[in-house]
Structures are given as structure tokens and as C-alpha cells.
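Below is one structure; the comments refer to it alone.
The values are calculated or read from the model by the stated rules, or taken from the named source; none is laboratory data. What you are looking at is a predicted structure, and each value in this text was computed from that prediction instead of being measured. Cβ atoms come from the backbone with ideal geometry, glycine included; neighbour counts cover every protein chain shown. These area figures cover heavy atoms from the full protein model, side chains too; ligands, DNA and RNA do not enter into them. Shrake-Rupley method; radii C 1.70, N 1.55, O 1.52, S 1.80 Å.
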Amino acid sequence: MTAPVPYRVVDRRVETADTVTLELVGEDGPAFAPGQFAMLTAYGIGEVPISLSGGGRGGRLIHTLRNVGAVTAALHGAAPGQMIGVRGPFGTTWDVDAARGHDVVIVAGGIGLAPLRPVVEAVLARRDEFGRVSVLVGARTPGDLLYPADLRRWRQRADVRTIVDRPADGWTGEVGLVTTLIPRAEADPDNTVAYLCGPEVMMRFVAEALIRRGLAGHDIHVSLERDMRCGAGWCGHCQLGPLLLCRDGPVFRYDRVEPLLRVREL
Ligand SMILES: Cc1cc2nc3c(=O)[nH]c(=O)nc-3n(C[C@H](O)[C@H](O)[C@H](O)COP(=O)(O)OP(=O)(O)OC[C@H]3O[C@@H](n4cnc5c(N)ncnc54)[C@H](O)[C@@H]3O)c2cc1C
């Protein structure tokens, strides 16, 4: 296993009460592709997997991370100038080319928009190659919605809808679960590719709603999470049945993992 390479934090943007986006700059190494993740080290504390949410080339990485425990708290608090260790890239990528010539439905829950942001950017950068594009985003509260400036920009070239579990003063948008937006997504079920990321239960309900609309399981791509330690397929912590999520995932076609996700505690 390789040692973490030191990267410098060059920008820290506060996204929500518990989430920041860090821009890291280091040696020009192997490129990271959308869907892949880095193992980020907070020196002296530990290492966690965090997906790419932007950059990926020329030694520039962008990661959005939510403060949930010891390591993410330390990374969340990293100020510009501070060094962070990076291993990677690891894992499978979002197959954006699978959607060429088709309608695209991108569904994110909470921090799940972070790994999907490069997918939205890739699709909108080559807008003419795709049919209708829907971006459906769910968050706990309006204050938890990530990337408001990006959402406004995306709205010019895609159908972007947001929904929150709990409204706050001034919120005039939709309230409910992101699944309620699925029947309204502008997409031809026979000609649509979907990309989902968020809490596992959300992805299962969204995938089921898409399948009810007529999408095939192999046209739905999901990114899964499990406790991950080595990132390189050695330690077995991220096992899901016959799969190791760090090596075989984290991005899978839904038809491959759906039978495994149905087994409780697997
Ligand atoms: C492939 C992959 C990509 C990820 N990308 C991102 C990302 O872009 N941004 C981001 O904020 N987080 C991401 N995560 C989740 C992140 O790795 C965990 O939040 C982190 O490992 C928690 O470590 P900790 O030491 O801060 O907290 P811990 O003390 O280890 O855990 C705190 C709480 O978070 C839960 N938890 C820990 N790890 C996970 C996990 N992998 N999935 C779900 N719950 C977990 C624990 O059960 C506990 O309740 C990703 C995880 C994986 C596997």
C-alpha cells in the first residue's frame, strides 16, 4: 500500500452548517475520474474515503465532506495552507457515455450531490449529446442544499428540481421525499439513463420508482458506501456479498447490486 501524498488545502468553502468543500493541490499524479474517490488523511488522526466532487487533473482535487466523526471533523476544520494526505484514485467511475443519445435523470440525496456534481458538469459540458436532462435534489432542510450557485447555473440548461424534508422560513419550494419528484421527471423510460447517489434507502426507493416508470435496472447507476479502510481491496471491510466496494465499486449498475441490497445486514 502506498503512503499518502501530501496535498495543500488552497481553498475552503463552507457549504452548509456541517459541510465544506476543500480544494487541494499537490504533485501532478494520476487523474481522478468522476465517481472515483480518494483516501484522505488527517495527519495524526486517520484516513477516510471521500469522493471527487470536482477537479481531478493536474494535481488539483475538489472534495466536499460532511463532518460526522473524528476524521471528517479534522478534515472539515482544515484551513488553507494545511496539508492533507491523499491516496488514490480508487474505484469505478460514473459511465457518463452510457447516457449519450438518451434522456438523463440524476437524483441526489444530501451529500450525495457531491459525487454527482462532476456528472452534471460533464453532461452539461456536452449538452448536445444528450436528450432531456433532469437533476433532482433532496435535502433535509433548505440550509442543507449544496451548491446553490451551481444549481442556479444548471437550471439554464437542465430541468433542476429541489425538495426538502423540512421547510424553513422563506422556503416556497417543494416539501417531501425526493422520490415524489420521479414521476414528474421529463424522461422517456425506454430511453433514459439514471445516476443516483445518497443514503442507501433513498437510492433503493428512487431506483424502484424509476423501474416502476419503466427504466431497466441496467440503465440505473448507483454509488454505494460501506465502512472502507484500505481502499485497495485487501482488508475486506467494505465487503457486500461477493463484492468489495472499494475495488468493484463504489459505482455499480443497479441490476448487479439490487439482489444484494435486499439482504438485510449483508
Ligand atoms: C466510496 C466512498 C465515498 C465517500 N464520499 C464521501 C464524500 O464525498 N463526502 C462525505 O462527506 N462523505 C463521504 N463518504 C463517507 C465518509 O467516508 C464517512 O463519513 C467517513 O468515513 C466517516 O469517518 P469519521 O472518522 O469522520 O467518522 P466515524 O467516527 O468513522 O463515523 C461517524 C458516523 O458516520 C458513520 N459512517 C462512517 N463511515 C461511513 C460510511 N462510509 N458510510 C456511511 N456512514 C458512515 C458511522 O457509522 C458513524 O455513525 C464516502 C464513503 C465512501 C465509502
Inset, instruction - With a 1.4 Å probe and every protein chain kept in, tell me what percent of the accessible surface of segment 28-75 is carbon plus sulfur. - result: 53
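Of all beta bridges DSSP finds with both residues in segment 115-194, what is the antiparallel percent, to the nearest 5?
Numbers: 0 of 8 bridges.
Antiparallel bridges: around 0 percent, rounded to the nearest 5.
Can you work out D for segment 5-90 in µm² s⁻¹ from Stokes-Einstein, where Rh is the Kirkwood radius over C-alpha pairs, the temperature is 20 °C and the viscosity is 1.002 mPa s?
Values: Rh = 12.4 Å.
Approximately 173 µm²/s, per Stokes-Einstein.
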Legend entry - Largest-first principal axis extents, alpha carbons of segment 109-253, Å: 48, 37, 30
Legend entry - Sequence-distant residues sharing a close amide H with Gln82 (under 5 Å, placed H): Val9
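Write down the accessible area per residue of the chain in Å², having rolled a 1.4 Å probe over the full set of protein chains. Could the numbers behind the result be given before it?
Details: 12010 Å² over 266 residues.
On a per-residue basis, 45 Å².
To check you understand DSSP bridge types, tell me what percent of the beta bridges within the chain (both residues inside) are antiparallel, rounded to 5. Provide the component values of the computation, followed by the final result.
Details: 35 of 58 bridges.
Beta bridges within the chain, antiparallel portion: roughly 60 percent.
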Inset, instruction - Could you tell me what percent of the accessible area of segment 139-217 is made up of carbon and sulfur, with a 1.4 Å probe and every protein chain present? - result: 52
Inset, instruction - Round to a whole angstrom and tell me the spacing of the C-alpha centers of segment 208-232 and segment 237-266. - result: 9
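Could you work out [θ]222 nm for the chain from helices alone, using -39500 (n - 2.57) per DSSP H run of at least four and dividing by all its residues? Round to the nearest 500 deg cm²/dmol.
Working: 6 runs with 54 residues, N = 266.
Result for the chain, helices only: -5500 deg cm²/dmol.
Mind ranking 160-171, 136-147 by how tightly packed they are, going by the mean number of other C-beta atoms within 10 angstrom, highest first? Walk me through the intermediate numbers first.
On the way: 160-171: 14.8, 136-147: 20.3.
Packing proxy ranking, top to bottom: 136-147, 160-171.
How large is the Kirkwood hydrodynamic radius of segment 122-201, counting all unique pairs of alpha carbons, in Å?
Values: mean 1/r = 0.0726 Å⁻¹.
Roughly 13.8 Å, rounded to one decimal.
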Legend entry - the chain: Cys lacking any partner C-beta under 4.7 angstrom: Cys197, Cys238, Cys246
Inset, instruction - Determine the principal axes of the Cα atoms in the chain, then give the extent along each, sorted from largest to smallest and rounded to whole angstroms. - result: 48, 46, 36
Inset, instruction - For a quick protection proxy, order the peptides 81-94, 99-112 by their average other-Cβ count within 10 Å, most packed first. - result: 99-112, 81-94
Inset, instruction - Just report the Cα centroid separation between segment 27-56 and segment 127-162, whole Å. - result: 24
Inset, instruction - Normalising by the residue count of the chain, find the relative contact order in percent from Cα pairs under 8 Å and 6+ residues apart. - result: 17
